[in-house]
1. Just checking, does the stretch A:91-100 include any residue being on the phi > 0 side of the Ramachandran plot and in contact with an Asp or Glu (Cβ under 9 Å, 6 or more places away or on another chain)?
2. Which number in (1) in a loop (DSSP other than H, G, I, E, B); (2) surrounded by fewer than 20 Cβ atoms within 10 Å (Cβ to Cβ); (3) under 33 Å from the mean Cα position of the chain (by Cα) marks the one condition that A:N84 misses?
3. Within 24 Å of A:L418 (Cβ to Cβ) and touching a Gly at 6+ places or on another chain (Cβ under 8 Å): is that true of A:T346 in this structure?
4. Enumerate the pairs (first residue in the stretch B:15-28 and within 11 Å of A:S149 (Cβ to Cβ); second residue anywhere and loosely packed, with under 13 Cβ neighbours inside 10 Å and at pLDDT 85 or above) with beta-carbon separation below 8 Å, excluding pairs fewer than 6 apart on the same chain, so at least 6 apart or on different chains.
5. Can you name every residue in the stretch A:295-342 that is under 15 Å from the mean Cα position of the chain (by Cα) and open to solvent by 20 Å² or more (accessible area, probe 1.4 Å)?
6. Pull up the stretch A:164-191, narrow it to residues that are open to solvent by 30 Å² or more (accessible area, probe 1.4 Å) and out of contact with any Gly (no Cβ under 9 Å at 6 or more places or on another chain), then point me to the one that is nearest to the other protein chains (Cβ to nearest Cβ).
7. In contact (Cβ under 8 Å) with a residue 12 or more places away in the chain, outside any loop (DSSP other than H, G, I, E, B) and within 17 Å of A:Y132 (Cβ to Cβ): which single residue out of A:C52, A:C60, A:C25, A:C14 fits that description?
8. Within the stretch A:244-294, take every residue that is outside any loop (DSSP other than H, G, I, E, B), open to solvent by less than 20 Å² (accessible area, probe 1.4 Å) and among the β-branched types (V, I, T) and give me the one that is nearest to A:H343 (Cα to Cα).
Amino acid sequence: MKLSNFVRKIRDVCPPDCSACEKACAEKMGNLGPVINAGQVHKAGVYKAITCVQCGNPACKDVCPNDAIVKDEESGVVRVIQENCIGCEACTEACPYQNMFFDSNAKVAFKCDLCGGAPECVSACPYGALEYFRGGTIRGYLNDEEYLSPGTRACAGCPGELIYRFSQRILGSNTVFFGCPGCMTILMTGHETMAGSRLPYVSCLFTNVISTMTGTSRYYRHIGKEANLVAYVGDGCLSDIEFQALSAAAMRREKLIVLCYDNEGYQNTGNQMSSTTAFGSLTTTSPVGKELRGKDRDSKYMPLIMVAHDISYVATASPAYLEDYARKLTKAMNVKDGMSYIHILTPCPTGWGFPIDKSIDVGKLAVETNYFPLWEYEDGILRLTYKSDKPQPISAYTKLISRYRHMNEDELQQLQRLVDKRFNKLGLYSQSFRQKEALRT
Amino acid sequence: MAKPMDQYKWHELNVGCVIEEVGNAMEYKTGDWRTMKPVWNDAKCIKCGLCWLFCPDAAIYQNDEGFYAANLDYCKGCGICAKECKPGAITMVEEER
């Protein structure tokens, strides 16, 4: 399974008179000329590839009579070896994306080679409209084997299932999963009749997931076995019911990986309010009527509570940023001693009320609006791993989701204030940590 | 072994509800949940593999030529692949039965 790296447009913000990407490209390519066209970038839709997409099975390579075009197996980049090019122009016609160019003076074909891994066009764009998509890099984190068996009973479009599948591929076969009654139990055991995974899974009660893991880790230590012990449990369990045991295990410095899939409620039983449910959300236990308009309090921010426990590794992640998550889970896996905790926002199409194909979009907007910032904490330092250049207002996120549909202007502003407050707090944390670092050095 | 949960009698379940068959959810075909199915246009496909990466159900596989296709026994038709496909090679079409 190969994934490729290429440059794509991620925001529709470029003005027609800007040509920063083309200029940067022309400078880099020297006398050959740019391989990116500013006019086409302006016209291209969001998420469209705008330079060579480094095809898996390149048409240009197939038609070349002199084997002058090669595909690098490791990086996936398709290159023109200019000494071998005879100038027949067959490749420029064969390319279905018109991304093969020909220099009529030098009589050679040329194309985008991704500047050796750091595309100049992306760094030159003043609006942050371009992104270097690193599919090949994500693939590097994954194992070759698929552990999830299709046929699970998760709802269609469940990002929790996606994160579960993705985590298994990163963690590998030396892993034992633990869980409690919730969406993921339906997925993993199918009501005690169908295993949704080829990895062992222990179904615990709400209050003893972490205790069971502690016992298992002691037994494994006794028999001299090493394995990844991973809890994959929801926000209802970790932030409400299981919190005491989690806090105690964090204080005992147990070597466990705790993954919390936060779908902001008890979605398995039909959308009841949990303590991570956001302000204003409509749930069955925080209805909208004359007395009450959705949840009237702010949510509990679990990851910062885990930072206060000062465990080895804390991070937040989103299914829309899989490379970021892969890096964080790999870090959590390599923690030598103590607990690692990753809090993942998994938008629930069934409970929140949005179309099933929008799960990833909603996850992305949650990060773009600073509603769910991505950061990590290790060795006493908190660092934001993704910073939106121009955070969108929270209404861009809430308008997609029907659980916020009743909210009026005042309530939206209040939610915006809560989001800003949380983000500023995180900013202060990371800043003060940075100052401390500076003082130390 | 695998059949719908309501067809199980209590004495057919193992002690402690232990599932002895590895990954036997495969016997439960979720394909009939679907109303829309993904269709690939191989001419537009750039084999980037995003559809495969984002499929929650591991229902997308790569065929011998390197193009991607859905295993319609298990595809639930959520449409995340079509949404995430950057070159727009996947369209969701209504399932005909």
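The values are calculated or read from the model by the stated rules, or taken from the named source; none is laboratory data. Remember, predicted model here, so these are calculated numbers, not experimental data. Glycine also receives a Cβ, built like all others from the backbone with ideal geometry; neighbour counts cover every protein chain displayed. Just the protein is used for accessible areas: all its heavy atoms, side chains included, with ligands, DNA and RNA removed. Shrake-Rupley method; radii C 1.70, N 1.55, O 1.52, S 1.80 Å.
1. To start, the set of residues in the stretch A:91-100 that are on the phi > 0 side of the Ramachandran plot comprises A:98.
Now narrow it down to the ones that are in contact with an Asp or Glu (Cβ under 9 Å, 6 or more places away or on another chain): none.
Within the stretch A:91-100, not a single residue is on the phi > 0 side of the Ramachandran plot and in contact with an Asp or Glu (Cβ under 9 Å, 6 or more places away or on another chain).
2. (3)
3. yes
4. As it stands, the answer is none, since no pair meets every condition given.
5. Scanning the stretch A:295-342 gives A:Y321, A:E323, A:D324, A:R327, A:T330, A:K331.
6. A:H191
7. Residue meeting the stated conditions: A:C25.
8. Looking at the filtered set, the residue picked out is A:V258.
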